[in-house]
Every structure is written in C-alpha cells, then in structure tokens.
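Chemist: Submitted below is the structure of interest, expressed as structure tokens.
The values are calculated or read from the model by the stated rules, or taken from the named source; none is laboratory data. Note that the structure is a prediction, hence the values are computed from the model and not measured. Positions of Cβ are backbone-derived with ideal geometry, glycine not excepted, and every protein chain shown enters the neighbour counts.
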Amino acid sequence: MSATLDRPLPADAVVLTVDERPRRRRLGPGPRRRFAGLLGPLLLLAAWALGSWSGFLSPQTLSPPWTVVDTAQRLIEEGRLQTNLEMSAKRALLGLLLGVTVGVVLALLAGLSRFGEAVIDGPVQMKRAIPALAIIPLLILWLGIGEQMKVITIALGVFVPIYLQTHAGLRAIESKYVELAQTVDLSRWEFLRRVIVPGALPHFLLGLRFAVTAAWLALVVVEQVNATSGIGYMMELARQYGQTDVIIVGLVVYGLLGLISDAAVRLLQRKALAWQTTMAG
C-alpha cells in the first residue's frame with residue numbers, strides 16, 4: 001500500500017487542492033436563517049414609508065406610518081386598543097378551540113369508519129363551498145347578534161381546514177402500520193396513540209395553520225356586524241368619522257396577530273415534528 005502511495009505521479013497529472021476542487025451545487029432552500037420571516041414585513045414597511053415620504057401615497061388614502069404610530073400610542077394611552085384587542089382575542093380563541101375540536105372529532109369519525117365518511121364528508125364539502133359571510137344572516141336569525149353568533153361563525157370557518165387536513169392525514173397512513181398493530185394485538189387506545197396520532201399529526205398541524213388564518217378572517221367579518229367592542233368595531237366606528245389612521249391601526253393589529261399566531265403554529269410544527277427530515281429544516 002505504501003509503495004503505491006510513494007509512486008511518482010505522471011508529468012501531465014493535475015493535482016487539485018481542497019480549495020480548487022469543484023464544489024457540489026446546493027439544491028433546496030438552504031439553511032434556516034434567524035428572523036428571516038421579518039424580511040417581508042420590513043420591506044413592506046419600508047415601501048409604505050417611502051411612498052408616504054415621497055408624496056406618492058396621499059395621507060387621505062393611506063396615512064403615513066409615523067401618523068399611525070402616533071395614533072396607536074394615543075389609543076393605548078386611552079385604553080381603547082387594549083380593551084378591543086382583548087375582546088377580539090377572546091372571540092378568536094373561543095372560536096378556534098371550538099372549531100378545532102369539532103374538526104378533529106369529525107375527521108376521526110370519517111377517517112376511521114367508511115360509514116362515518118359517507119355520512120360526514122358530503123356535508124363538510126358542501127360547507128367548504130359556502131363562505132362564512134353567506135351564513136351570517138341565518139345565524140343572526142337563529143342566535144341573534146350576540147357573542148354566541150360571533151363565536152359560532154369563527155368556528156364554522158375553522159373546522160373545515162382542520163377536518164380536511166386531518167382526514168387526509170388519516171387516509172395517508174400506510175396500511176402496513178395498521179396490519180402491524182393488528183399483528184401485535186394493540187388495543188384501540190394504543191392504536192390511536194401509537195399509529196393514528198403520529199400519522200395524522202403533520203397534516204393536522206398544517207390544517208391548524210390554515211385554521212388560525214380562517215379564525216382571524218372570520219373575526220374581521222363578525223366584528224363589523226352590530227358589534228360593540230373589538231378591533232373590527234373600532235375600525236367600523238373610525239370609518240364613520242373618516243379616521244383613516246385608526247383604520248390602519250386596526251389593519252396592522254390584525255396583520256400582527258396573524259403573523260404571530262402563524263409563527264407560533266410553525267414553531268409548534270418544528271417541535272412536534274422534529275423527527276421528520278424535510279427541506280423545511
């Protein structure tokens with residue numbers, strides 16, 4: 001072996017050092033960067049500030065960001081922003097919890113039983129084609145214009161993506177795992193815990209991301225239907241008085257709530273699915 005290594009190389013041989021070797025082209029999105037998710041919102045904020053400073057955006061059409069900051073500070077000092085934000089968050093959380101619970105239960109019934117799928121899947125697909133805004137008049141007739149109607153409207157927008165994704169995750173579980181569970185004689189509870197939950201979890205968490213967005217979208221609608229509190233009510237009141245800056249504050253709050261909640265679900269995805277190796281990192 002040493003004789004082979006000591007043998008002189010031919011005169012025309014080309015020796016490449018480590019730095020000169022051709023590098024393999026990287027495929028995929030590359031490594032994760034910290035705070036990379038803030039780049040898009042910061043660029044949007046910079047474009048907004050530049051447009052306002054240059055006069056391209058009229059203050060009557062879109063208030064400058066510095067005016068919006070002053071308005072937000074005034075609303076905080078008056079206590080209006082905190083009070084309305086607390087009410088909006090409460091409605092969204094109650095609707096989200098109710099919608100997630102209903103969506104998971106229906107997905108389990110339809111995903112683990114052919115009869116359940118025949119009974120449940122059709123009506124859910126029909127609801128999927130009907131926007132929440134179209135159901136509000138009927139809910140007002142049934143439930144009035146109180147908090148119950150608002151929470152139910154949010155839940156109706158939430159349970160559909162939860163059901164669709166969780167049901168798809170259940171159907172995507174490979175049959176060999178079911179056969180293995182039968183071979184080792186797992187109980188129904190152990191089968192749910194060891195096979196069903198890990199198999200459907202990635203799809204459920206993806207559905208949760210859609211559901212969180214649906215909750216905020218439904219909240220925007222219901223808070224402008226005879227509400228007396230909430231961010232949407234504050235924006236509707238500002239519309240009546242032509243207060244563009246207050247409306248922009250409400251939109252920014254909605255956007256931040258959506259961004260923060262989506263980031264929270266994505267963090268949950270990374271923690272719960274750490275065993276997966278994907279391009280997401």
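Chemist: For the stretch 173-212, enumerate the residues that are modelled with pLDDT of 85 or more and aliphatic (A, V, I, L, M).
Modeler: ALA200, LEU201, LEU205, LEU206, LEU208, ALA211, VAL212 - these are the residues of the stretch 173-212 that are modelled with pLDDT of 85 or more and aliphatic (A, V, I, L, M).
Chemist: Scan the stretch 265-281 for residues that are loosely packed, with under 11 Cβ neighbours inside 10 Å and modelled with pLDDT of 85 or more and jot them down.
Modeler: LEU267, the sole residue that qualifies.
Chemist: Could you grab the pairs with beta carbons closer than 6 Å, sequence gap of 6+ or different chains, first residue in the stretch 254-268 and under 13 Å from LEU38 (Cα atoms), second one surrounded by 15 or more Cβ atoms within 10 Å (Cβ to Cβ) and of a type in the set (Gly, Ala, Ser)?
Modeler: As it stands, the answer is none, since no pair meets every condition given.
Chemist: If you don't mind, another one. Report, by residue number, each residue of the stretch 169-195 that is under 20 Å from ALA110 (Cα atoms) and β-branched (Val, Ile, Thr).
Modeler: Result: ILE173, VAL178, VAL195.
Chemist: Okay, next question. State whether one or more residues within the stretch 121-139 are surrounded by 15 or more Cβ atoms within 10 Å (Cβ to Cβ) and closer than 23 Å to PRO198 by Cα.
Modeler: Looking for residues that are surrounded by 15 or more Cβ atoms within 10 Å (Cβ to Cβ) and closer than 23 Å to PRO198 by Cα, one finds at least one in the stretch 121-139, hence yes.
Chemist: Looking at the stretch 67-120, which of the residues that are among the small types (Gly, Ala, Ser) and exposed (fewer than 14 other Cβ atoms within 10 Å of the Cβ) is nearest to VAL249 (Cα to Cα)?
Modeler: It comes out as GLY79.
Chemist: How many residues, within the stretch 217-239, are under 17 Å from GLY144 (Cβ atoms) and in contact (Cβ under 8 Å) with a residue 12 or more places away in the chain?
Modeler: Counting residues in the stretch 217-239 that are under 17 Å from GLY144 (Cβ atoms) and in contact (Cβ under 8 Å) with a residue 12 or more places away in the chain gives 10.
Matching residues to (1) within 23 Å of the chain's Cα centre (by Cα); (2) buried (at least 18 other Cβ atoms within 10 Å of the Cβ):
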{"residue": "LEU192", "(1), (2)": "no, no"}
{"residue": "ALA215", "(1), (2)": "yes, yes"}
{"residue": "GLU223", "(1), (2)": "yes, yes"}
{"residue": "ASN226", "(1), (2)": "no, no"}
{"residue": "TYR233", "(1), (2)": "no, yes"}
{"residue": "TYR241", "(1), (2)": "no, no"}
{"residue": "GLY250", "(1), (2)": "yes, yes"}
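Chemist: While we're looking at this one, here's another question. Give the residues of the stretch 63-75 that are assigned to a helix (DSSP H, G or I) and either at pLDDT 90 or above or not hydroxyl-bearing (Ser, Thr, Tyr) (or both), sorted by residue number.
Modeler: Within the stretch 63-75, PRO65, TRP66, VAL68, VAL69, ASP70, THR71, ALA72, GLN73, ARG74, LEU75 qualify.
Chemist: Can you confirm whether the stretch 233-250 contains a residue that is of a type outside the set (Ser, Thr, Tyr), touching an Asp or Glu at 6+ places or on another chain (Cβ under 7 Å) and at negative phi?
Modeler: no
Chemist: Need the failing condition index for ALA227 against (1) over 21 Å from PRO65 (Cα atoms); (2) of a type in the set (A, V, I, L, M); (3) part of a helix (DSSP H, G or I), just the number.
Modeler: The failed condition is (3).
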